[in-house]
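Taken together, the values in this text are just the output of simple stated rules run on the coordinates, not laboratory data. A quick note: this is a predicted structure, and the numbers were derived from the prediction, not measured. All Cβ positions, even for glycine, are placed from backbone atoms using ideal geometry, and neighbour counts span all protein chains on display.
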Amino acid sequence: MLPVRCAFQGGTMTERKRIDIVEGKAGHPALCVLPEIEKEDELFEIIWTLREDGKLTIDQIIQSCSLPECENILQDLSKKGWINIKGQAVELLPKGEKRARELVRRHRLSLRMFYDLFALDGAEAEACKFEHILSPEVTDSVCTLLGHPPNSPDGKPIPRGECCSMFKQEMKPLVGPLADIMPGDQAKIVFITPGSHSRLDRLSAMGVVPGSVVKLHQKKPSYVIQLGETMIAVDKDITKEIFVKKV
Amino acid sequence: MHDHGSNDGERYRDSNLHKVLLIGNPNVGKSALFGLLTGRYVTVSNYPGTTVEVTYGNAVLNRTRTLVIDTPGVNSLVPMSEDEKVTRDILLTDRAGVVVQVADTKNLRRGLTITLQLAEMEVPFILDLNMDDEAKSRGILIDQEKLSQLLGIEVVKTVAIRRSGIDKLLKGIQHPRPSSITVRYDDAIEGGIRDITALLPEANISRRALALMILAGDESLKGWLHANLQDHVIEDIEKIRQDVQSRFNNSLGYLINQRRLKKADEVLSQVLSLHEAGKGSAIAFHLGKWSMHPVYGLPILLAVLYLVYQFVGVLGAGDAVGFLEETVFGEYLNPWAAKIVHFIVPVPFLQELLIGDYGIITMALTYAIAIVLPIVGFFFIAFGILEDSGYLPRLAVMVNRIFKIMGLNGKAVLPMVLGLGCDTMATLTTRILETKKERILVTLLLALGVPCSAQLGVILGMVAGLSGLATTIWIGSIVLVMLLVGYLAAKIVPGEPSDFVLELPPIRVPQLMNILVKTAARVQWYLKEAVPLFILGTFILFVGHKVGALEYIQKLTDPLVVGVLGLPSKAAEAFVIGFLRRDYGAAGLFMLAKNGLLDPIQIVVSLVVITLFVPCIANFFMMVKERGLKTALTMVAFIFPFAFAVGGVLNWILRTLNVTL
C-alpha cells in the first residue's frame, strides 16, 4: 500500500473535483508529508495542466500548488534536468515531458475507469491513489479495456499511449455494455451490474451469467439476444448492465 | 381454453395412486407428453407459459393405474412468477411419486440447472430429453449413456409430438432414483446451508434444497415456513440468510444459479458434441428473424392480421355464418323445429319459449350455433396456427414499447392476444406476469377492451359490410381507450413494472393434428361454456318480454340508449344479454344491423359500447378467483358506466362532425 496523499484526507475533500486539487485551490499542506516523488508528480501534473490552459508561468504554478516547498522542488527539478526555467517561463525538457505525459495519462485514465467501469462519481481520491501504482503495462491494459478513451470525465484530453496508436483504425472498447455491440456480433459476458437483485436472479435462471457467450440479434424494436439455443427478448436497460467482451 | 380440470386435483391429491409428475423448463413439451401418456388433451402450443395450472390425468402405465400430473414450466425451482410457484409447491407439498424431468435436448444447459435442483431435493426422478429431432437437425448430439452415468439416473430420449421414444420412457419410469450429482457452493453459502438445515423440519424435499431456496431469497416460501415453523425460528433463519448475504456483493440467488450453471457446463462439456447442422431449420430461423425485424416486422404483422381477417371475418363470419344461419337454420332447421314443436308441444306458451321471437331454438341456438360457433371455430383454427408457429412471442418484441405506456411490457401481449380467443382463459394466463401490478392491469384491460373470438367474429361480420373508415373508428376507439385506461391505471395501481425478459421459441411448422385436436377441444369448451348462458340469456329476455319488463327496461334506458348513444330503443335488449356474455350482446346487435335497424354510425357506436363490456359471467368469476372479489367488483363497477360514457362521447363526436360512414 502506498501512503495516502494527505491532500485528499481533509473534510470534504473527496467530494471536490480532483482537478481543483491539481490546480491547487484546495489542500491542507500543513498536514502533509508527501514522499518526495509524489510531490514532484504533483508539480508535473500542474505544469501539464497549466500548459494545456496556456497559463504556464512560475507564478501560476506556485499559486496552483498545495505544497509549501513548491519553489524548492521546482528548482530541484530544474537542477535534475526535468524542466527548464527562464524567468517566468517554464519548459518541460524531453524526459520531463515524457514523465508528465505518463502521469497525466495515468491520472485521467484512472478517473475514467472509476467513472465508467465502477460507475463511481466523486471517487477522485481513489483514482489519485491509483495513478501511482499503475505500471506502464497495466496502464495500457486499462486504456484498452476502456476502449482508448480520448477524454477524462471532466473533458480533459487523455494523452495517448502506445496502445492507442496500435488501434488507430478502430478503437473499440474491449469490454463494454452489450447494448453497444452490433447486431450479429457475439460476445462473452464479463460481468453484470444489475439494477436489482431480482433482475439478476431471473437472468441467471435463463443462463445469462458471466462466462456465457451471447449473440445480439437485433436492437429494434426490442433487443433480442441468444445464448446457445435460447433466444430471449429483453429491455434495452438490461443490455446496458451486461458487460461483454467481443469474441 | 377449455376445462383444465384443476379441481380434479383436490379429488386425486390424497389418493394412493401411482403418480408421475412432469416437470421442466417452459416450452419443452410437457403438455405434449402429458397428452400422450393420458390420452387427455391439454393445450399444447409453441410458446412458454401455455400451461399455468397443474393438470391431472389418469393413465394406465406399465399396467398400473397412474395419476399423471402436468405442471407449468419453470426456469428455476425458486419461483419468480405465480405459475412457477405452482410447480414448486407441488414438489414441496404433494410429492410421493415419480418425477419425470422433461428437457429440451438442444437447450440442455438450462435443463440441467433444473436437474441439479431436483438432485438437491433428493427426489427420485428420470430425465427425458425431448425434442431430440430438433437437436439433431441443429447438429447437437447428447451422449445419453454418459449423461446417465454422470447424473446417476435413467436418461431417455423422446420426440413427444411424434410419439417416438415413449416405450423407453415408460420403462424408465419404473426405475426412478435420486441423482448422485452434487453441487458445492461457496464456503459461506455452505455454512449457511448447514446452519439453516439444522433448524428445518422434515419435508418432502431435502432440507438442503429448502435451505438453498431460503438462501436464494425465495419469498414464496413464506407461507410454508409459517405453517411448519415457529416465528422465532423463522427469524433465526432470516438472520442466517442476511448474515450470509452480507458477505457478498451479488444476490445469493444469483450466486447459486451461477454455480449451478457452471456445474451444468461441466456436465455438458462431457456429453455434448456438435455436428454440422441440417438445412431445414434455416428457413424457419429467418422467418423468425424477419417477423421481429424493425422494418419487415410490420408488414409481416399486417399480413398476418389481414390473413386472419380474411379467414375469420370473411370466410368464417361471412360465408360460413351466411350458410349456417340463412340456409341451414333459416330454411331447414328452424322451420322443421317449428313444425315439430307445433306437433308435439301443444301449449302455446311453451311453443313460444322454444320457437318464438325470444325462443330457445330460434334465438339462443341460432345465435350460438349459426352465428357464433362458425366464427369461433374459424378463429380457433387461425389462432392455433399462430400459437404453434411461435409467432406470438415475437409479437411481444414488436409491441414492447407501446405496452410500456400502459405500465406493462411486451410479455403482457401473450395474455392479451390469448384474450382474443377467450378472455376468461386469458385472465388465468396473467399468472405468467411477474408483478401483481401487471396482473391487475392486464385483467382490467382484458375485461375492458379485448374482444374474445366469439365477439370479434360477430363484430368482424358487422363491420365487413361497412366502410374501412367505420372499422378504423371502431379499432381506433378501442385501442385509444385501452391506452388511456392502461396509462391512467398504471399511475393508480401501486407497484413497479417488471423487466421485459421473454424467451422466444423457435419458429416451427404447425402440426395439423395438434391444430385440429386443439380446435376441437376449444370448440367443445365453447359449446359447454357459452350455450347454457345463451339459453339463460334468452330465457331472461323471454320472461322479461312476457311480463312486460323488457318494455319497462327499454323505457327506463331510453334516455341512455336513445338519448345519449343515439341507438334504437330495441338495442337495450342486446345490452341486457350483453351483461351475461358480450358476444351474445354483439350477436343481438348483429341481428339488428342485419334487419336494417341500425345506421352505420349506430353500428359503430353500439359496437364500441358492447366491446367495452365485461366479457361474460365466467370471466367475472375468473376475475374474482384470480384477483379477489373486491378488485373484481371495482373493475366491473368502473367498466359498465365507462363503456356507455365512451359510446356517448363517440356518438356525439361522430354526429357533430357529421361523419359519413
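Just for chain B, what percent of DSSP beta bridges are antiparallel, to the closest 5?
Details: 13 of 32 bridges.
Given both bridge residues lie in chain B, the antiparallel proportion sits at roughly 40 percent.
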If B:His545, A:His107, B:His226, B:His293 are placed from fewest to most neighbouring beta carbons inside 10 Å, the sequence is B:His226, B:His545, B:His293, A:His107
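Residues of B:105-118, mean number of Cβ from any other protein chain within 10 Å of their own Cβ, rounded to a whole number?
Values: counts 1, 3, 5, 2, 6, 7, 0, 0, 4, 1, 0, 0, 0, 0.
Shielding by partners across B:105-118 averages 2.
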Scanning chain B for trypsin sites (Lys or Arg not before Pro) in DSSP loops with at most 10 other Cβ atoms within 10 Å, what's the longest stretch left with none? B:280-661
In nm, the gap between the two label points placed 7 Å beyond Cα toward Cβ at A:Asp154 and B:Ile405 is 4.5
Rounded to whole angstrom, the alpha-carbon centroid of region A:57-71 lies from that of region B:50-120 at a distance of 74
So, in Å, what gap is there between the alpha-carbon centers of region B:311-346 and region B:518-591? 19
What Rg and what Dmax come out for region B:187-274 when only alpha-carbon atoms are used, in angstroms? 14.9, 53
How many partner chain Cβ atoms sit within 10 Å of a residue's Cβ in peptide B:501-507, on average, as a whole number? 5
Please say if region B:603-660 is rounded, prolate or oblate, where rounded means a/c under 1.5 for a ≥ b ≥ c the square roots of the C-alpha gyration tensor eigenvalues, and otherwise the choice is prolate for a/b larger than b/c and oblate otherwise? prolate
Ellipsoid equivalent to region B:88-239 - semi-axes via the Cα gyration tensor, in Å: 34, 16, 13
Alpha-carbon centroids, region B:124-167 and region A:186-247: separation in whole Å: 28
Name the lysines eligible as straight-distance cross-link partners of A:Lys39: C-alpha to C-alpha under 30 Å, and not fewer than 8 places from it in the same chain. A:Lys17, A:Lys25, A:Lys55, A:Lys79, A:Lys80, A:Lys86, A:Lys95, A:Lys98, A:Lys129, A:Lys156
Against the longest principal axis of chain B, how steep is helix B:252-271, in degrees 0 to 90 to the nearest 10, with axes from Cα atoms? 70
Hey, could you grab the Kirkwood Rh for region B:480-590? Inverse mean 1/r over distinct alpha carbon pairs, Å, one decimal. 18.3
When you look at the Cβ of every residue in B:385-396, what mean number of other chain Cβ atoms sits within 10 Å? 1
Along the three principal axes, how long is chain B when you take its alpha carbons, biggest first, rounded to the nearest angstrom? 78, 54, 49
Region B:204-292: chymotrypsin sites (Phe, Trp or Tyr not before Pro) in DSSP coil with no more than 13 other Cβ atoms inside 10 Å: B:Phe248
Considering only DSSP beta bridges with both partners in the protein assembly as shown, what is the antiparallel share in %, to the nearest 5? 70
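Provide the convex hull volume over Cα atoms per residue for region B:548-620, in Å³.
Numbers: hull volume 5.9 nm³, N = 73.
Value for region B:548-620: 81 Å³ per residue.
How large is the convex hull of the C-alpha atoms of the protein assembly as shown per residue, in Å³?
Values: hull volume 201.6 nm³, N = 908.
Convex hull of Cα atoms, per residue: 222 Å³.
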By how many nm would the segment from B:Glu331 to B:Ala203 grow when fully extended, if each residue of separation counts as 0.36 nm and the alpha-carbon distance is taken off? 39.4 nm
Given 0.36 nm per residue, what is the gain on full extension from B:Ile234 to B:Lys630 after removing their alpha carbon distance, in nm? 139.4 nm
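What does the helix-only formula give at 222 nm for chain B: each DSSP H stretch with n ≥ 4 adding -39500 (n - 2.57), the total divided by the residues, and the result rounded to the nearest 500 deg cm²/dmol?
Details: 30 runs with 381 residues, N = 661.
Result for chain B: -18000 deg cm²/dmol, rounded to the nearest 500.
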